[in-house]
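K.L.:
One structure, as structure tokens, below. Some questions next.
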Amino acid sequence: MIGTRPTPSHALEPGPAGRHVVILSHPGPDSFNHSVARAYCDAVRGAGQEAVLRDLYATGFDPVLKAEERPGPAQAHLLPDVADELDVIRGSDVFVLVYPIWFGGPPAMLKGYVDRVLGAGITPRSEMDRTPTGLLGRKTLLGFTTSAASAIWLDEQGQQSALQTVLDQYLAHAFGMGASRHLHFGHVTEALTERFAEQHLQGVREAAERACAEVARHQTRTPEPVLA
């Protein structure tokens with residue numbers, strides 16, 4: 001496994017408890033995406049906060065939206081697997097997505113997760129109003145992506161900006177989330193060296209440290225109400 005050095009437990013001073021939910025969407029258990037997710041979780045735990053990793057492929061999540069799950073005049077029906085995922089997300093402070101860019105977009109697994117879990121019970125009106133929800137309202141959204149192509153090539157094709165608009169910005173706006181940040185790693189192939197892998201993972205750790213510090217600061221403030 002490339003770049004699996006854990007974050008030292010003394011790297012950050014333990015702060016007020018915070019909860020980070022990390023959604024990993026890559027089928028390869030030895031993938032660099034898995035290393036990214038683990039590095040993030042290690043850094044969060046080293047800061048004395050909680051990290052919950054949800055590996056969608058490993059858990060066998062079903063990404064296919066069912067007709068009865070779609071919001072409509074009647075209340076959408078929550079199937080047990082979706083209810084379980086919502087319970088995991090509920091009460092989190094930071095929501096993290098880790099996934100590769102394939103054919104210009106995220107894996108179908110992740111899109112299905114957005115449709116079935118994040119979209120559960122969400123109406124078009126609440127999306128357009130950017131109404132903060134009890135699930136993700138005012139939470140921080142972090143995205144970590146990888147690609148075999150270089151970041152420069154993706155930018156030339158307009159793919160990075162398009163993807164962040166379609167996924168990151170849309171989720172942040174639709175659910176009334178707070179800060180949204182994205183970190184991309186290009187040239188992630190079998191030829192990725194230990195040196196560059198470690199540089200990338202250090203960037204992940206630093207992003208986790210920043211998120212933990214923000215959570216600690218926010219927990220000292222009086223929270224604003226959000227809709228259930």
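The values are calculated or read from the model by the stated rules, or taken from the named source; none is laboratory data. Given the structure is predicted, the values throughout are model-derived calculations rather than measurements. Virtual Cβ from ideal backbone geometry, glycine too; neighbours counted across all protein chains shown. Remember, those area values only see protein heavy atoms, side chains included, never the ligands or the DNA or RNA. Shrake-Rupley method; radii C 1.70, N 1.55, O 1.52, S 1.80 Å.
K.L.:
Looking at the range 158-174, is at least one residue more than 25 Å from Leu53 (Cα to Cα), open to solvent by 60 Å² or more (accessible area, probe 1.4 Å) and either under 17 Å from the mean Cα position of the chain (by Cα) or modelled with pLDDT under 85 (or both)?
P.N.:
Checked against the condition, which is being more than 25 Å from Leu53 (Cα to Cα), open to solvent by 60 Å² or more (accessible area, probe 1.4 Å) and either under 17 Å from the mean Cα position of the chain (by Cα) or modelled with pLDDT under 85 (or both), the range 158-174 yields at least one hit.
Yes/no per residue for (1) touching a residue at least 60 places away in the same chain (Cβ under 8 Å); (2) in a helix (DSSP H, G or I):
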{"position": "Gln169", "(1), (2)": "no, yes"}
{"position": "Glu190", "(1), (2)": "no, no"}
{"position": "Phe196", "(1), (2)": "no, yes"}
{"position": "Val204", "(1), (2)": "yes, yes"}
{"position": "Ala207", "(1), (2)": "yes, yes"}
{"position": "Cys212", "(1), (2)": "yes, yes"}
{"position": "Ala216", "(1), (2)": "yes, yes"}
{"position": "Thr220", "(1), (2)": "yes, no"}
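K.L.:
Taking the stated definitions as given, is Glu85 closer than 23 Å to Gly137 by Cβ, at pLDDT 95 or above and either open to solvent by 50 Å² or more (accessible area, probe 1.4 Å) or hydroxyl-bearing (Ser, Thr, Tyr) (or both)?
P.N.:
Taking the combined requirement at face value, the residue does not satisfy it.
K.L.:
In the range 146-204, how many are closer than 26 Å to Gly28 by Cβ and in contact with a strand residue (DSSP E or B) (Cβ under 8 Å, 6 or more places away or on another chain)? First the steps, then the outcome.
P.N.:
Initial filter on the range 146-204 (closer than 26 Å to Gly28 by Cβ): 146-155, 157, 159-160, 162-164, 166-168, 171, 181-204.
Subset that is in contact with a strand residue (DSSP E or B) (Cβ under 8 Å, 6 or more places away or on another chain): 146-147, 151, 154, 160, 163-164, 166-168, 171, 181-186, 188, 200, 203-204.
Count: 21.
K.L.:
So which residues in the range 38-57 are open to solvent by less than 30 Å² (accessible area, probe 1.4 Å) and more than 13 Å from the chain's Cα centre (by Cα)?
P.N.:
Ala39, Ala43, Val44, Gly46, Ala47, Gln49
K.L.:
Right, another one. How many residues, within the range 17-37, are in a loop (DSSP other than H, G, I, E, B) and open to solvent by less than 60 Å² (accessible area, probe 1.4 Å)?
P.N.:
Going residue by residue through the range 17-37, those that are in a loop (DSSP other than H, G, I, E, B) are 17-18, 25-31.
After this cut, where a residue has to be open to solvent by less than 60 Å² (accessible area, probe 1.4 Å) as well, the list is 18, 25-26, 28, 31.
Matching residues across the range 17-37 total 5.
K.L.:
Ok, one more. Counting just the residues of the range 107-125 that are in contact (Cβ under 8 Å) with a residue 60 or more places away in the chain and closer than 30 Å to Ala216 by Cβ, which one comes out surrounded by the most Cβ atoms within 10 Å (Cβ to Cβ)? Break it down stepwise before answering.
P.N.:
First, the residues of the range 107-125 that are in contact (Cβ under 8 Å) with a residue 60 or more places away in the chain: 107, 109-110, 113.
Those still in the list that are closer than 30 Å to Ala216 by Cβ too: 110, 113.
Working: Leu110: 22, Tyr113: 24.
Looking at the filtered set, the residue picked out is Tyr113.
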